[in-house]
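The values are calculated or read from the model by the stated rules, or taken from the named source; none is laboratory data. These numbers were taken from a predicted model, which means no experiment stands behind them. Cβ placement follows ideal geometry from the backbone for every residue including glycine, while neighbour counts extend to all protein chains displayed. Areas reflect the complete protein model, heavy atoms only, side chains present, ligands, DNA and RNA absent. Shrake-Rupley method; radii C 1.70, N 1.55, O 1.52, S 1.80 Å.
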Amino acid sequence: MALTLYYHPLSSYCHKVLIALYEAGTPFNAHLINLGDDADRAKLSSHWAHCKFPVLHDSKGDRSLPESSIIIEYLDQYAGTKPMVPIERERALRVRLWDRIFDNYMQTPLQQIVLDRMYQTNADMSGPRAQIATSYRLIEEQLATQDWIADAEFSLADCAAAPALFYTHTLVPVPEALEKLRGYFERLLQRPSVQRVLVEAKPYFNLYPFEADIPQRFKE
Ligand SMILES: N[C@@H](CCC(=O)N[C@@H](CS)C(=O)NCC(=O)O)C(=O)O
């Protein structure tokens, strides 16, 4: 088996998959894609016609997989005894739901706000910002009784949460009153897997249009 991840170190969806890989200690080859480079774009498109990363290629079966959540579920077969998606149906449903919340109601509005800034479209971003704020409130309620967002074990949903929260913090501040969310973010940041993706992203922070809003502690 040889796994290759096509990725960029700044990309939040790539962080999600990298966290799963680092958590399990699964060996893989990292293939950095520069979307500004035609040859790199052609390479990525040859694996996934939508030309978005992350994409995982498995030499076993010569298989290319797009979509961060699907990749993480696929990686469970190589991850030993701690799957990122629990086997039990009820637990798996909760994990998948929270994965969807982070992707659809945090990452999607985050991408809208970032693209608006990159392309200077000056569109009204109050809707996407409100979605992120609503997600913050949902997370606070969900964390009333547990450390991780969807399960007693660190899961796919936490892989999704870490990059979503890292970047949304730069756009929509977390209110002081949301103490459980603030504590959860700090717990995520203590995971060596999360620390590693942020250290690897650091040399590229200057490409992020809201770089000035990344807290100093991540730049040191
Ligand atoms: N639903 C996809 C989203 C992937 C995605 O949007 N990736 C972004 C980077 S974070 C990308 O490739 N953007 C480049 C582009 O759209 O041209 C996933 O979960 O992997």
- Task: Report the full-extension gain for the segment residue 121 to residue 59: residue separation times 0.36 nm, less the Cα-Cα distance, to one decimal in nm.
- Result: 18.2 nm
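Taking the square root of 5 times each eigenvalue of the Cα gyration tensor, what semi-axes in Å does the equivalent ellipsoid of region 1-122 have, largest first? Could the numbers behind the result be given before it?
Details: eigenvalues 125, 88, 24 Å².
After diagonalising the Cα gyration tensor, the semi-axes are 25, 21, 11 Å.
If you average 1/r across every pair of different Cα atoms in the chain and take the reciprocal, what Kirkwood value do you get, in Å? Working shown, then result.
Values: mean 1/r = 0.0558 Å⁻¹.
Computed over Cα pairs of the chain, the Kirkwood hydrodynamic radius comes out at 17.9 Å.
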- Inter-probe distance in nm under a simple model that places probes 7 Å from Cα toward Cβ, at residue 35 and residue 49: 2.0 nm
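Given the pairs 52/180; 16/43; 43/202; 52/202, which span a C-alpha to C-alpha distance of over 23 angstrom in this model?
On the way: 52/180 33 Å; 16/43 21 Å; 43/202 25 Å; 52/202 21 Å.
Cα-Cα > 23 Å for 52/180; 43/202; rest within.
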- Under a point spin-label approximation (7 Å from Cα along Cα-to-Cβ), what is the residue 220-residue 189 distance to one decimal in nm? 1.1 nm
- Can you tell me the order of 95-101, 191-197, 42-48 when each peptide is scored by its average per-residue count of other Cβ atoms within 10 angstrom, highest first? 95-101, 191-197, 42-48
- Query: Accessible area per residue of region 109-219 at 1.4 Å probe, in Å²?
  - Reply: 50 Å²
- Query: Relative contact order, percent, of the chain when contacts are C-alpha pairs under 8 Å separated by at least 6 residues?
  - Reply: 22 percent
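Return the FRET efficiency for the residue pair residue 134, residue 213: r is the Cβ-Cβ distance, R0 is 25 Å, and the value is rounded to the nearest 0.05. Kindly include the intermediate steps, with their values, before the conclusion.
Numbers: r = 20 Å, r/R0 = 0.81.
With a Förster radius of 25 Å, E is 0.80.
For the chain, what proportion of DSSP beta bridges, expressed in % and rounded to the nearest 5, is antiparallel? Present the calculation step by step, with values, prior to reporting the outcome.
Details: 8 of 12 bridges.
Taking every DSSP beta bridge with both residues in the chain, the antiparallel ones total about 65 percent.
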- Note on the structure: Computed on Cα atoms, the radius of gyration and Dmax of region 171-220 in angstrom are 12.1, 33
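To the nearest 20 debye, what is the magnitude of the charge dipole of the chain about its Cα centre, counting +1 on the Cβ of each Lys and Arg and -1 on the Cβ of each Asp and Glu? Please report the intermediate quantities before stating the final value.
Details: 23 positive and 28 negative charges, 22 e Å.
Using Cβ point charges on Lys, Arg, Asp and Glu, the chain gives about 100 debye.
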- Estimate the FRET efficiency between residue 70 and residue 205 by the formula 1/(1 + (r/R0)^6), using the beta-carbon distance for r and 35 Å for R0, to the nearest 0.05. 0.80
